[in-house]
Structure formats: structure tokens, C-alpha cells
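K.L.:
Have a look at the structure that comes next, please.
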Amino acid sequence: MKDYSLKINGQNYDVQIDDVNENSTIARVTVNGTPYEVEIAGAKSVAASKPQVAAASKEANYAKITPAAAPAAAPRAAAPAAAAGAIKCPLPGTVLAVKVAVGDTVAAGQTLVVLEAMKMENNIDADRAGVVKQILVQQGATVMEGDNLIVIE
């Protein structure tokens with residue numbers, strides 16, 4: 001708090017500066033007993049410094065890390081034993097569409113399944129020509145890397 005005696009245009013003023021906020025250009029002053037909140041012209045606010053984050057050691061956080069549980073209502077693909085001629089899922093995701101049916105003849109490179117993974121649509125293509133023997137997933141199923149999707153003979 002600072003006290004000043006000012007003479008402006010022949011008038012005497014007793015000014016007391018109570019509080020100056022360093023993060024803005026606002027100050028609380030009292031002039032001849034009357035409180036005011038004033039803006040300081042030409043002043044620039046001081047930007048607040050960003051807090052620094054220090055990394056904790058692995059040992060400190062090890063016991064606190066828990067895997068997130070998958071939603072119980074999400075359909076899950078069945079995981080049968082490894083089938084001969086199975087097209088495997090290359091990455092975890094959600095089946096958006098199955099583009100073939102059992103009995104369809106497919107060519108190498110033909111899209112079999114559309115998979116959403118990492119917020120992108122990924123086409124899962126046939127690695128060989130053949131006939132679709134079995135479809136092991138359905139639209140909306142959550143699949144993991146390595147899961148069997150479709151069996152082609």
C-alpha cells in the first residue's frame with residue numbers, strides 16, 4: 001500500500017494505492033476516501049508462467065497404472081482356434097463392415113472387411129484368391145491384432 005498527495009488542476013487529492021494485480025492492468029485505489037477500481041493506461045499484463053511438469057520415475061507410478069476396462073456391451077469377435085486359410089486382423093479396432101458373404105469367390109487384393117482403428121478406416125484385403133468358407137466377425141465387433149476374421153479356401 002502506498003500513499004500519495006497529488007495536486008491536479010489546483011485540487012489536492014490524497015491517493016492510496018491498495019492493490020495492483022500483476023496479472024492484469026487493474027488496480028484498487030482510494031481517492032479522498034472513495035474507493036475505485038482503475039485500469040492503468042499503457043500498462044501490460046504479465047503473462048502467467050506455465051507450470052513445469054517433472055516426470056516421475058517408473059517405480060513411483062508403477063502401482064497406480066491400471067488398464068482401462070472394455071465396455072461390457074460391446075460385441076466381441078469369437079476367437080476360434082487358428083483356422084487354416086484365415087485372414088488375420090493386423091491391428092486392434094472395430095469392424096465397420098463385412099464386404100463378403102460365405103460362399104463368395106474372392107480375388108487377391110479384394111476388400112473383405114472395413115476396420116476402424118486409430119480413428120481411421122482400414123480395408124482388410126484378401127491375401128489370396130479363393131472361396132469364403134467362414135466369416136468369424138460381425139459389424140460392430142471389437143477385434144484384436146491377430147484375431148481370425150475370415151477363412152478363405
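K.L.:
Contour minus end-to-end for T25 and L91, with contour as 0.36 nm per residue of separation and end-to-end as the Cα-Cα distance?
P.N.:
Values: separation 66, 0.36 × 66 = 23.76 nm, distance 5.42 nm.
The T25-L91 span can extend by a further 18.3 nm.
K.L.:
If every alpha-carbon in segment 86-152 counts as one equal scatterer, what log10 I(q)/I(0) does Debye give at q = 0.13, 0.14, 0.17, 0.28 1/Å?
P.N.:
Here log10 of I(q) over I(0) equals -0.29, -0.33, -0.49, -1.32.
K.L.:
Going by amide H atoms built from the backbone, whose H comes under 5 Å of the H on Q134, apart from near neighbours?
P.N.:
Sorted by chain and number, the residues that satisfy this are V151.
K.L.:
Now, a different point. Taking the Cβ of each residue in R28, R128 as the centre, tally the other Cβ atoms inside 10 Å and list the residues starting with the fewest.
P.N.:
The most exposed by this proxy come first: R128, R28.
K.L.:
Which order results if M120, M144 are arranged by neighbouring Cβ count within 10 Å, fewest first?
P.N.:
Numbers: M120 8, M144 12.
Going from sparsest to densest Cβ surroundings: M120, M144.
Throughout, read-outs are computed from the coordinates displayed, never taken from laboratory work. Since the model is a prediction, treat every value here as computed from it, not as a measurement. Cβ coordinates were reconstructed from backbone atoms using ideal geometry, including for glycine residues, and neighbour counts include every protein chain displayed.
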